[in-house]
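*Asks:* First, the structure itself, so that you have it in front of you.
Each reported figure results from applying straightforward, stated rules to the coordinates on display, with no laboratory input. For clarity, every value in this text was computed on a predicted model and none was experimentally measured. Cβ sites come from the backbone with ideal geometry, for glycine too, and all protein chains shown count toward neighbours.
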Amino acid sequence: MGKILSISNQKGGVGKTTTSVNLASSLSYLGKRVLLVDVDHQANATTYLGINRANLDYTVADIFLENANIREIIQQVDSVNVDVIPARYELGNVSQFLLSHDNKDYILSNALEEVREDYDYIIIDCPPSLGVVTINALVASDSVLIPVQCEFLALDGLTQLLNTIRVIQKKQKYNQRSLTIEGVLLTMLDTRSNIGYEVINEVRTYFKEKVFKTVIPRNVKCSVAPSHGLPVTEFSPNSKGSISYKNLAKEMVAISER
Ligand SMILES: Nc1ncnc2c1ncn2[C@@H]1O[C@H](COP(=O)(O)OP(=O)(O)OP(=O)(O)O)[C@@H](O)[C@H]1O
Ligand SMILES: [Mg+2]
């Protein structure tokens, strides 16, 4: 049965989408069956994978609006062996609809249950907020991977996320899941300055063994790859960014098989 993993941090621009896309692609290279779910109305993961949003009949919003079955929404990607539930701007309107829904926190969880057997990993790229869509993602998840950018104020706001995780664990008594922290991932390390290493020490002191050994360096190939609609693992397989995401996938699989 597939493991459901949210990539979440309510802070913006810390590498959630870059991690979702490249972890998904790296896990597929390890022979894992992977579904990537984009639950951000910015739809960056959808774009990063080269999906043309204009041509989509259904998007993730149709899960929340209960307009379509999840299997009708899943797309295949040309460049890499990953299935995707794409997002588009209309996801921005579902919060209003969900306000009056009795079971509003469990919609994604119920939908993913239907396809869970088909995958080894289901990765959910969360938006930079802790609103109802993120709550759906976390309630659906077995674990959360928290990307933290190696910059000043890296830990700012994480207490709120940790408190939210506790609230989610209580909600999960209704869907028999139990959210754990998969790991904290240090991202965008600038190896030329000290501040990044100071942040690494601070994060390791706070989260201890929960921090992945793999650190993602700042690497221009990571920021260029999306404009080609490709994961960096496809766009520049031997770049430092690509190699570190492949290492992260190996580290994650090793932890879960321990
Ligand atoms: N390792 C990296 N090296 C260089 N640039 C990176 C790296 N990781 C991410 N970026 C760039 O940093 C920006 C933010 O990354 P990303 O979109 O993954 O963050 P995010 O947390 O998903 O943002 P948001 O909160 O808006 O969803 C993007 O322009 C991305 O290309
Ligand atoms: Mg994002």
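*Asks:* Which peptide among 186-192, 43-49 comes first, and what is the full order, when sorted by highest mean count of other Cβ atoms within 10 Å? Show your work: numbers first, answer last.
*Replies:* Values: 186-192: 17.4, 43-49: 24.1.
Descending packing order for the listed peptides: 43-49, 186-192.
*Asks:* Using the Cα centre as the reference, give the magnitude of the dipole from point charges on the C-beta atoms of segment 69-204 (Lys, Arg: +1; Asp, Glu: -1; all else neutral), rounded to the nearest 20 debye.
*Replies:* Values: 11 positive and 19 negative charges, 108 e Å.
The calculation lands at about 520 debye.
*Asks:* OK, next. Among K171/K210; K213/K246; K32/K250; K16/K221; K104/K170; K3/K250, which pairs are too far apart, with a Cα-Cα distance over 18 Å? Working shown, then result.
*Replies:* Working: K171/K210 23 Å; K213/K246 13 Å; K32/K250 11 Å; K16/K221 16 Å; K104/K170 15 Å; K3/K250 15 Å.
Those over the limit are K171/K210.
*Asks:* So for each of 27-33, 14-20, 94-100 I average, over its residues, the number of other beta carbons within 10 Å; can you give me the resulting order with the highest mean first?
*Replies:* Working: 27-33: 17.6, 14-20: 25.6, 94-100: 13.6.
Order by mean packing, descending: 14-20, 27-33, 94-100.
*Asks:* Quick one: work out the % antiparallel among DSSP beta bridges in the chain, nearest 5.
*Replies:* Here the antiparallel bridges make up roughly 5 percent for the chain.
*Asks:* Hey, another quick one. What percent does the relative contact order of segment 3-249 come to when contacts are Cα pairs within less than 8 Å and at least six residues apart? Can you show the working numbers first?
*Replies:* Working: 502 pairs, mean separation 65.6, N = 247.
So the answer I get is 27 percent.
*Asks:* Which of the peptides 134-140, 210-216 is most tightly packed, and how do the rest follow, judged by the mean count of other Cβ atoms within 10 Å per residue? Could you put the intermediate results ahead of the total?
*Replies:* On the way: 134-140: 25.4, 210-216: 18.1.
Highest-to-lowest ranking by the protection proxy: 134-140, 210-216.
*Asks:* Also: Give, rounded to the nearest 20 debye, the magnitude of the charge dipole that the chain has about its Cα centre when Lys and Arg contribute +1 at Cβ and Asp and Glu contribute -1 at Cβ. Can you show the working numbers first?
*Replies:* On the way: 26 positive and 28 negative charges, 175 e Å.
Charge dipole, the chain, about its Cα centre: 840 debye, nearest 20.
*Asks:* Here's something else I'd like to know. Where both partners of a DSSP beta bridge lie in segment 71-194, what percent of those bridges are antiparallel, to the nearest 5? Write down the numbers at each step before the final one.
*Replies:* Numbers: 2 of 9 bridges.
Beta bridges within segment 71-194, antiparallel portion: roughly 20 percent.
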